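Engineer: Let me give you the structure first, and then I'll get to my questions.
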Amino acid sequence: MSELRHPIGTFDVLTPDSRRWETLVGVFARVVEGAGYGLVLTPTFEDLSVFQRVGASTDIVRKEMYDFEDKGGRRIALRPEMTASVVRAYIQHRPTTPWKAWYVGSNFRYESPQAGRYREFHQVGIEAFGAVDADLDVEVIALGWEFYRALGLRRIQLLVNSLGDATCRPPYRALLLEYLEGRRDDLCDEHRERFADNPLRILDCKRPTCHAVAAEAPKQVEHLCDGCATHFARTTGGLDSLGIPWTLATDLVRGLDYYTRTTFEYAGLALQSAQNAVGGGGRYDGLVEEMGGPATPGIGFALGVERILMACDAEGTLPSPPATVDVFVVDFAGGSAARDLTAQLRSAGIRADRAFDGRSPKAQFKSADRSGARLALVVGPDEEAAGTVVVRPMAGDRQQRPVERHRVVAEVSRLLAP
Ligand code: ATP
Ligand code: MG
């Protein structure tokens, strides 16, 4: 029988690598909860229509969706991103605004797997609903920036653009269409026949032919209405005021259709360029209404966990912290002491481990060494008979001494205290 393996485009994470995930999520939670964002949980799958509404003409929805019919005949999709789910939840529950939420979870896209591009991948992100204020754009962008800094990343480039709104996007779109009609022969095979439904897609096409056409295309930032121009100036001015360096990226349109005004991306400069986007986001002032809710502005970002960890590797930051316990119980008197002592220690909030299956003292001490414990508690037949435990520091001069069984938890607490 052939060996079972994880599906193509997916992966397993074991310790010690998984400890970096814990650290990353912990740092993210600290940064965003420090700014008033609260955790939101939504299902991993939704009705297909949740995602179709937000980007019917995008690759993510047209080609990459994991959708299927369930046993009840419903059209279901594994989420390819989280914003649509969070918007769906917002519309369903109507929390008071401003509503600031953060999330962590996996997403699914049927992509060609390669380094930094998987079929199941993970994101951390935030969404903020109910304010059009450009200072919220600054807050959101700055929190992403702050998070990367907190992980120790230094080579992150912030790209910013404005996509305009319902006033200035349509005339710009017409301008772009006219330009693309004239350059039709220079587009890639896919886009030559198909760009009229969403001409902005061309700006996001990664093929060199389209790229060259996009470079000379009219720019939305040069055709903003007064409202959008003021918003953009306040946003970028805010970033300047916070000392966050940013670069104007006139072709940054992002992979989903719902963005208005501010869009941004964080590029990991230490990564290979095809997969160097470590996160991105933008404003989506029309999305809630488009999905059937009350007109509510929104803005957010999603950051790719795997790519962030790749960037950390490339920059040599965020090493996986060793998994350790405080105490290891070595018991070669039958195991009852190990059973009871570990339970007592854990109840007292002390991290404790032990060996099983009556291993030899030598093997148990080896496990104690590997565990990273600062103290070993040793119980042999003599200690068992005397009702004592030998407390033995694992490092330093290893001065060991017997302690009465009923005093050992208090003694260990005292020794471990900083
Ligand atoms: P890309 O241009 O690299 O395909 P995207 O624009 O499709 O990225 P978003 O949908 O904005 O990405 O998702 C936000 C972040 O999630 C990305 O910046 C990236 O870090 C990560 N990401 C997106 N798709 C994948 C994937 N297939 N595997 C791993 N990470 C991904
Ligand atoms: Mg993509």
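Engineer: Return only the number of the condition from (1) open to solvent by 50 Å² or more (accessible area, probe 1.4 Å); (2) closer than 25 Å to Leu151 by Cβ; (3) of a type outside the set (S, T, N, Q); (4) assigned to a loop (DSSP other than H, G, I, E, B) that Leu4 does not satisfy.
Structural biologist: Condition not satisfied by Leu4: (2).
Engineer: Is it true that Glu190 is within 18 Å of Gly304 (Cα to Cα) and not hydroxyl-bearing (Ser, Thr, Tyr)?
Structural biologist: no
Engineer: If I ask for residues that are closer than 21 Å to Val87 by Cβ and either open to solvent by 20 Å² or more (accessible area, probe 1.4 Å) or touching an Asp or Glu at 6+ places or on another chain (Cβ under 6 Å) (or both), which ones from the stretch 144-173 would you list?
Structural biologist: The answer is Asp165, Ala166, Arg169.
Engineer: Determine if the stretch 43-50 includes at least one residue that is within 20 Å of Gly125 (Cα to Cα) and open to solvent by less than 20 Å² (accessible area, probe 1.4 Å). Steps first, please.
Structural biologist: As a first pass, look at the stretch 43-50 and keep what is within 20 Å of Gly125 (Cα to Cα): 43-46, 50.
Okay, now just the ones that are also open to solvent by less than 20 Å² (accessible area, probe 1.4 Å), so 46, 50.
Yes: one or more hits.
Engineer: Which pairs turn up if I take residues in the stretch 164-178 that are in contact (Cβ under 8 Å) with a residue 12 or more places away in the chain and under 16 Å from Ile202 (Cα atoms) and look for partners that are open to solvent by 50 Å² or more (accessible area, probe 1.4 Å) and assigned to a helix (DSSP H, G or I) with beta carbon separation below 6 Å, at least 6 apart in sequence or on another chain?
Structural biologist: Final answer for the pair search is Tyr172/His223.
Rundown of residues vs (1) in the same structural domain as Gly125 (by TED's automatic domain parsing); (2) away from ligand 1 (no atom under 14 Å from the Cβ); (3) closer than 17 Å to Val140 by Cα, yes/no style:
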site: Tyr179; (1), (2), (3): no, yes, no
site: Arg183; (1), (2), (3): no, yes, no
site: His211; (1), (2), (3): no, no, no
site: Lys219; (1), (2), (3): no, yes, no
site: Thr235; (1), (2), (3): yes, yes, yes
site: Trp246; (1), (2), (3): yes, yes, yes
site: Gly268; (1), (2), (3): yes, no, no
site: Gly279; (1), (2), (3): yes, no, yes
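Engineer: Among residues belonging to the stretch 103-126 that are open to solvent by less than 10 Å² (accessible area, probe 1.4 Å) and more than 19 Å from Ala77 (Cβ to Cβ), point out the one that is nearest to ligand 1 (Cβ to nearest atom).
Structural biologist: Checking each candidate, the answer is Gly116.
Engineer: Kindly provide the set of residues from the stretch 70-119 that are more than 16 Å from ligand 2 (Cβ to nearest atom), assigned to a loop (DSSP other than H, G, I, E, B) and out of contact with any Phe, Trp or Tyr (no Cβ under 7 Å at 6 or more places or on another chain), ordered by number.
Structural biologist: Asp70, Lys71, Gly72, Gly73, Arg74, Arg94, Pro95, Thr96
Engineer: Those residues that are of a type in the set (A, V, I, L, M, F, W, C) and in contact with a Gly (Cβ under 8 Å, 6 or more places away or on another chain), I need them from the stretch 362-389; list them, please.
Structural biologist: Taking the stretch 362-389 as the starting set, the residues that turn out to be of a type in the set (A, V, I, L, M, F, W, C) are 363, 365, 368, 373, 375-379, 385-386, 389.
Across the stretch 362-389, there are no qualifying residues.
Engineer: Without any contact (Cβ under 8 Å) to a residue 24 or more places away in the chain and more than 32 Å from the chain's Cα centre (by Cα): does that describe Glu190? Working first, answer last.
Structural biologist: Details: without any contact (Cβ under 8 Å) to a residue 24 or more places away in the chain: yes; more than 32 Å from the chain's Cα centre (by Cα): no.
No.
Engineer: Between a residue in the stretch 118-139 that is farther than 22 Å from Thr44 by Cβ and any residue that is assigned to a helix (DSSP H, G or I) and within 16 Å of ligand 2 (Cβ to nearest atom), which pairs come within a Cβ distance under 9 Å, given they are 6 or more apart or on different chains?
Structural biologist: Final answer for the pair search is none.
Engineer: Of the residues that sit in the stretch 205-235 and are crowded, with 18+ Cβ neighbours inside 10 Å and within 16 Å of ligand 2 (Cβ to nearest atom), which one is modelled with the highest pLDDT?
Structural biologist: Cys210
Engineer: Here's a follow-up. Could you list, in sequence order, all residues of the stretch 362-418 that are within 26 Å of Thr15 (Cβ to Cβ) and part of a helix (DSSP H, G or I)?
Structural biologist: Lys362, Ala363, Gln364, Phe365, Lys366, Ser367, Ala368, Asp369, Arg370, Ser371, Val412, Leu416
Engineer: Being over 30 Å from Arg149 (Cβ atoms), open to solvent by 30 Å² or more (accessible area, probe 1.4 Å) and not in a loop (DSSP other than H, G, I, E, B), is that true of even one residue in the stretch 322-338?
Structural biologist: Taking every residue of the stretch 322-338 in turn, at least one turns out to be over 30 Å from Arg149 (Cβ atoms), open to solvent by 30 Å² or more (accessible area, probe 1.4 Å) and not in a loop (DSSP other than H, G, I, E, B).
Engineer: Still on this structure, I have one more. Could you list all residues from the stretch 14-40 that are of a type in the set (A, V, I, L, M, F, W, C), within 15 Å of the chain's Cα centre (by Cα) and loosely packed, with under 13 Cβ neighbours inside 10 Å?
Structural biologist: Leu39
Engineer: Continuing with the same structure: Which residue out of Asp382, Asp353, Asp313, Asp369 is in contact with a Phe, Trp or Tyr (Cβ under 7 Å, 6 or more places away or on another chain) and open to solvent by 50 Å² or more (accessible area, probe 1.4 Å)?
Structural biologist: On inspection, the qualifying residue turns out to be Asp353.
The values are calculated or read from the model by the stated rules, or taken from the named source; none is laboratory data. Source: prediction; values computed, not measured. Every residue, glycine among them, receives a Cβ derived from its backbone with ideal geometry; neighbour counts consider all protein chains shown. Note: accessible area is taken over every heavy atom of the protein model, side chains too, but ligands, DNA and RNA are not part of it. Shrake-Rupley method; radii C 1.70, N 1.55, O 1.52, S 1.80 Å.
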